[in-house]
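Visitor: One structure follows; several queries about it will come next.
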Amino acid sequence: MNSNMIPYGKQDISQQDIDAVINVLKSDWLTQGPQVPLFEQALADKCQASYGVAVNSATSALHIANLALGVGPGDIVWTSPITFVATANSALYCGAKIDFVDIDLNSGNMSVIALSAKLQWAKQKNCLPKVVIPVHLAGQSCDMKVIHQLAKEYNFALIEDASHAVGGQYQNAPVGNCQYCDITVFSFHPVKIITSAVGGMALTNNAELAESMRLYRSHGITSQTDKMTEPSHGPWYYQQVDLGFNYRMTDIQAALGLSQLSRIDEFIEKRNELANSYDKAFANTAITSLTPANNCQSAYHLYLVLLSEPDEQKHKQTIIALREQGICAHVHYIPVHLQPYYQKLGFKLGDFPNAEQYYQRVISLPLYPKLSSSDQHHIIEQVKKLA
């Protein structure tokens with residue numbers, strides 16, 4: 001992408017952020033030090049959750065969340081086909097089978113109607129999921145109260161993939177409070193709401209799940225004497241009690257994340273202002289904006305619009321033309337079930353019609369806190385002209 005292109009997303013790094021990282025570089029701790037638990041506690045408090053487990057990516061957080069919930073060979077996990085592949089991959093890492101639930105075209109999120117119908121079918125076929133992972137696309141929460149009611153009825157666990165949604169709200173409460181799920185996962189990739197350069201975090205209100213995820217993120221190793229199989233050999237002693245991974249976040253990353261967190265409300269407010277400007281501009285056009293439900297405040301990681309009809313050629317030409325005008329229009333996402341790897345698992349075109357229609361219509365437009373009004377005006381004018 002050339003330097004004059006307006007990106008679809010971009011980090012906002014302040015001098016405070018730079019100073020926070022430099023302070024860690026000058027300290028005694030670079031890897032796992034005091035900044036990691038400070039970041040975990042600060043985000044848990046912000047989201048009104050009990051525990052935070054920081055890791056090196058949201059993908060890692062999804063993996064250990066599945067493992068903590070006991071997902072393994074023979075289990076089934078469901079998620080949305082409109083997500084980054086990591087959501088589905090995280091179940092496959094555990095040896096589980098993956099399946100998808102089609103989306104609601106108004107929101108791009110998992111359809112609760114489709115979920116309810118598929119659960120009824122799965123109960124009859126004796127193939128109910130162990131875990132369902134709703135994805136809060138673009139920063140808008142799924143209808144978690146309804147999904148939670150279905151979880152109780154059909155006895156499955158819930159992981160909210162809120163990689164896009166830190167700082168968002170559902171029913172006037174922070175996304176991540178885990179009222180309607182077992183675990184919530186956030187991403188801190190640079191184009192997300194806040195960044196730790198790379199990194200992620202899992203939040204939960206369950207102490208056992210938090211402890212299990214901490215174990216999985218650090219090789220399955222413990223130094224807690226009450227978790228060991230024999231008395232400690234001395235102050236150096238540790239035991240590997242499970243098969244874990246090196247998924248730890250560094251203090252450098254945590255310091256950046258903690259500093260960014262202090263500005264999250266400012267980021268969300270600006271993103272909503274920009275989204276509102278887009279909404280008004282496209283209100284009387286053939287373009288449909290994916291907007292949050294009345295009971296949500298979207299974090300607006302992305303601003304997504306749908307062309308009036310599914311037209312593969314027009315879709316492609318529109319995105320190319322926008323890029324030629326210096327606008328990095330993008331697509332979030334290619335339906336996971338259409339990826340070659342997943343087609344080898346048996347999925348095929350036609351399995352999830354709404355997701356496939358969405359893919360032929362959706363365009364991600366630039367949205368980030370420092371997007372200028374002049375750049376946004378240019379984007380709006382070009383989209384109107386082309387769409």
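The values are calculated or read from the model by the stated rules, or taken from the named source; none is laboratory data. What you are looking at is a predicted structure, and each value in this text was computed from that prediction instead of being measured. Using ideal geometry, Cβ is built from the backbone for each residue, glycine included, and neighbour counts are taken over all protein chains shown. We work out accessible area using only protein heavy atoms, side chains counted, and drop any ligands, DNA or RNA first. Shrake-Rupley method; radii C 1.70, N 1.55, O 1.52, S 1.80 Å.
Visitor: For segment 247-276, what are the residues that are surrounded by fewer than 16 Cβ atoms within 10 Å (Cβ to Cβ) and either in contact (Cβ under 8 Å) with a residue 60 or more places away in the chain or among the aliphatic types (A, V, I, L, M) (or both)?
Guide: Residues satisfying the conditions are SER262, ASP265, GLU266.
Visitor: Restricting to segment 85-111, and then to whatever is among the charged types (D, E, K, R) and touching a residue at least 60 places away in the same chain (Cβ under 8 Å), can you tell me which residue is least open to solvent (accessible area, probe 1.4 Å)?
Guide: ASP102
Visitor: Quick check: anything in segment 337-349 of a type in the set (Ser, Thr, Tyr) and under 30 Å from PHE267 (Cβ atoms)?
Guide: Within segment 337-349, none of the residues are of a type in the set (Ser, Thr, Tyr) and under 30 Å from PHE267 (Cβ atoms).
Visitor: Same structure again: If you check every pair at least six apart or on different chains, which have Cβ atoms under 8 Å apart with a residue in segment 21-38 that is closer than 26 Å to ALA202 by Cα first and a residue that is open to solvent by 70 Å² or more (accessible area, probe 1.4 Å) second?
Guide: Filtered contacts from segment 21-38: VAL24/LEU30; THR31/ARG248; GLN32/ARG248; GLN35/TRP29; VAL36/ARG248.
Visitor: Looking at segment 242-289 only, could you name the residues that are under 14 Å from THR195 (Cα atoms) and either of a type in the set (S, T, N, Q) or part of a loop (DSSP other than H, G, I, E, B) (or both)?
Guide: Within segment 242-289, MET249, THR250, GLN253, SER259, GLN260, SER262, ARG263 meet the criteria.
Let's see how each residue does on (1) hydrophobic (A, V, I, L, M, F, W, C); (2) part of a strand (DSSP E or B); (3) under 14 Å from the mean Cα position of the chain (by Cα); (4) over 24 Å from SER187 (Cβ atoms):
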| position | (1), (2), (3), (4) |
| --- | --- |
| HIS63 | no, no, yes, no |
| ASN66 | no, no, no, no |
| VAL71 | yes, no, no, no |
| ALA86 | yes, no, yes, no |
| LEU119 | yes, no, no, yes |
| CYS127 | yes, no, no, yes |
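Visitor: How many residues are more than 24 Å from the chain's Cα centre (by Cα) and either aliphatic (A, V, I, L, M) or open to solvent by 90 Å² or more (accessible area, probe 1.4 Å) (or both) if we restrict to segment 3-39?
Guide: Residues flagged as more than 24 Å from the chain's Cα centre (by Cα) and either aliphatic (A, V, I, L, M) or open to solvent by 90 Å² or more (accessible area, probe 1.4 Å) (or both) within segment 3-39 amount to 16.
Visitor: Within segment 300-341, can you find the residues that are of a type in the set (Phe, Trp, Tyr), within 20 Å of SER289 (Cβ to Cβ) and open to solvent by 60 Å² or more (accessible area, probe 1.4 Å)? Reasoning before the result, please.
Guide: Here is the first cut: in segment 300-341, the ones of a type in the set (Phe, Trp, Tyr) are 300, 303, 333, 341.
Narrowing further to those that are within 20 Å of SER289 (Cβ to Cβ): 300, 303, 333.
Passing the criteria: none in range.
Visitor: Also, I was wondering about something else. Restricting to segment 29-44, what's the tally of residues that are acidic (Asp, Glu) and at pLDDT below 95?
Guide: Within segment 29-44, residues that are acidic (Asp, Glu) and at pLDDT below 95 number 0.
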